[in-house]
1. Net charge near B:Leu39: determine it from the other residues with C-beta under 11 Å of the C-beta of B:Leu39, scoring Lys and Arg +1 and Asp and Glu -1.
2. When chain A is treated as a GNM, springs tying every alpha-carbon pair under 10 Å, which of A:Ala87, A:Ala40, A:Ala19 comes out with the largest mean-square fluctuation?
3. Can you pull the three principal axis extents for the Cα set of the range A:5-101, in Å, largest first?
4. Please compute the contact order of the range A:5-101 in relative form: average sequence separation of alpha-carbon pairs under 8 Å and at least six residues apart, divided by the residue count, as a percent.
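Read-outs throughout are calculated quantities, based only on the coordinates presented, and are distinct from any laboratory measurement. Here the structure is a predicted model, which is why all the values come from computation and not from measurement. Cβ placement follows ideal geometry from the backbone for every residue including glycine, while neighbour counts extend to all protein chains displayed.
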Amino acid sequence: MRQHASYWAFVVHRVSGIALALFLPLHFWTLAGALEGSLAWTEAPLVKLGEWLIVVALAAHLGGGLRVLALEFLPWRDWQKSLAAAAGALAVGVGLAFALAL
Amino acid sequence: MSYKTQAALWLLQRASAAVLGVCVVVHLFTIIYAVRGGLTSAEILERTRGSVGWFAFYSLFVLAVTIHVPIGLRSICTEWLHWRGRSRDFALLLFAAFVAWAGMHAVLAVYI
């Protein structure tokens, strides 16, 4: 089972979800307070790496979630087998676009 | 937990996911646009301060997240931590309340 793309889609969806849930309080706290000060600390390489990872996690979770909705709500078609690959492609695409914008 | 409640949570999770699908796409585009040339408070506030549209968008975003995240964590608590029962649901309700409060606090901070 662990060789199966669906298993990895499940693991990525779950782990990215946990990462986003943990990041959320930090995100809200930063927005509520730090906007009064400087955001220069976001230029630090480690912060940028963290930002990149969380943006990729968000894109991966979005892709994984759309996959689940398509599997559960659309009538079954053969192309739905490729949804795990499409979810991965979305995460990679967003990751590249964000890395280029950083 | 009754089947009715389980079904309601399943439906709420999917409904909030559908809303979040739209919100996250908008958010990702905004993030990629906002970080070009460095992230500054002034740039963010210029976009959001006094904007009823962004205020409504982020309020809806926070509402959907408040529903979606605790229900997702509930499955993880059950399946991976074997944490069930009232203590789990009470902790998740507290977490939901915190997310709603902190989220709206952040939304108001960039709006006012």
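1. -1
2. A:Ala40
3. Its Cα atoms span 52, 26, 19 Å along the three principal axes.
4. So the answer I get is 38 percent.
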